[in-house]
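Notes for the one structure printed next.
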């Protein structure tokens, strides 16, 4: 099984739906340690993405993800805009010209996306950011790809890793972004960015499984 | 002459800071401000910053970008990567946005180079307002 253009469009649409559904939850997490706008910002961004994608015709994965990235950069507003925007833009470069991605090309593209996020935001593991969910997910995806796992199984392990990484942000003291101004008081709250990363990956998996 | 781009979460703040800096520096300094999301809310838009940098580059020898904080810094860094020209002509400066923009504009107006203009943005941190 591969992730083709139609599958990707459907997954992005489903991600938009998930973020809309979890808008208040993400904002609630963000109001504990941030500026209470992550849910609103992500929902606005993906609403624009869905508008953009539904108006276009796509034959390759790179073009889809490039439009996702550029739209997020212009419409999210907060730090998540450039960060997720860069993630999808870097992925689009790896998947340019491809009509479908298998486990290994998706793993490579997501690794590239993660590198983009780290280069831009300079976050390290345990800084209490999206990197804490995305890094183990990419590691799991790469490992599964190395073992020759099918795409759904590989993504399954990536989503489990992202979930564990997201949950592990709760006791951490934030070292990046607005939450870092709170110092020790940021501990005891799950990171909103790690949570949206988990939601995005788990929706990608669900959407992929529905197509089979 | 070096140009200056003020990047704030607020369009009004960016406009106001540019107006104050412009009055201090005179007419010659290429100045622009950029703020808010494309929908007019608080936040930053990477494509808007890219367009503003490119507009300034067309009428200057280089651009010093002064972001307010947080996501404006990330957005400015991302914009730098997307600008379709010599990246060596763009510097993101770290300092207080209003005082930094003021001092940078004055420095640019006397013909200082890109690195010097960016440097005074940092020096604006030590600007004292009350003498005791």
**OP:** Relative to the longest principal axis of the C-alpha atoms of chain A, give the angle of the C-alpha long axis of helix A:61-75, reported between 0 and 90° and rounded to the nearest 10°.
**Re:** 30 degrees
**OP:** Sort A:88, A:46 so that the residue with the fewest other Cβ atoms within 10 Å of its own Cβ comes first and the one with the most comes last.
**Re:** A:88, A:46
Original post:
Quick one: in chain A, what % of C-alpha pairs are over 31 Å apart?
Top reply: 12 percent
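If I take R0 = 35 Å and measure r between the Cβ atoms of residue B:54 and residue A:115 in this structure, what FRET efficiency does the formula 1/(1 + (r/R0)^6) give, to the nearest 0.05? Spell out each step's value before the answer.
Working: r = 26 Å, r/R0 = 0.75.
Approximately 0.85, to the nearest 0.05.
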Original post:
Where does helix A:151-167 land angle-wise versus the long Cα axis of chain A, in degrees 0 to 90, nearest 10?
Top reply: 10 degrees
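Let me make sure I get this right: for chain B, a, b and c are the square roots of the gyration tensor eigenvalues over alpha carbons, sorted descending. Under 1.5 in a/c it's rounded, otherwise prolate if a/b > b/c, else oblate. Which is it? Each step should come with its number before you reach the end.
Details: a/c = 1.61, a/b = 1.20, b/c = 1.34.
Oblate is the answer for chain B, as a/c is 1.5 or above yet b/c matches or exceeds a/b.
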Original post:
How do B:42, B:127, B:31 line up, fewest other C-beta atoms within 10 Å first?
Top reply: B:127, B:42, B:31
**OP:** Would you calculate, for chain A, the mean residue ellipticity at 222 nm contributed by helices, counting each DSSP H stretch of 4 or more residues as -39,500 (n - 2.57) and dividing by all residues, to the nearest 500?
**Re:** -23500 deg cm²/dmol
Subject >> Estimated [θ] at 222 nm from DSSP helical runs (n ≥ 4, -39500 (n - 2.57)) normalised by residues in chain B, nearest 500 >> reply: -14500 deg cm²/dmol
Original post:
Any idea what angle helix A:103-121 forms with the longest principal axis of chain A, computed on alpha-carbon atoms, 0 to 90 degrees, nearest 10?
Top reply: 30 degrees
Original post:
Between the stretch B:21-49 and the stretch B:76-113, what is the C-alpha centre distance in whole Å?
Top reply: 12 Å
Subject >> Projected label distance in nm at residue A:167 and residue B:94, using a 7 Å step from Cα toward the beta-carbon >> reply: 3.7 nm
**OP:** Quick one: compute a quarter of the convex hull surface over the Cα atoms of the stretch A:123-212 and quote it in nm².
**Re:** 5.5 nm²
Subject >> Distance (nanometres) between label positions extended 7 Å along Cα→Cβ at residue A:59 and residue B:113 >> reply: 4.9 nm
**OP:** Take the alpha-carbon centre of the stretch A:147-179, take the same for the stretch A:45-67, and report the distance between them in whole Å.
**Re:** 25 Å
**OP:** Arrange A:93, A:8 by Cβ neighbour counts within 10 Å, fewest through most, would you?
**Re:** A:93, A:8
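Here, each number is a calculation from the coordinates, and none is a lab measurement. Keep in mind that what you see is a predicted model, and the values were worked out from it rather than measured. Quick reminder, even Gly has a Cβ in these numbers, built from the backbone with ideal geometry, and neighbours come from all protein chains shown.
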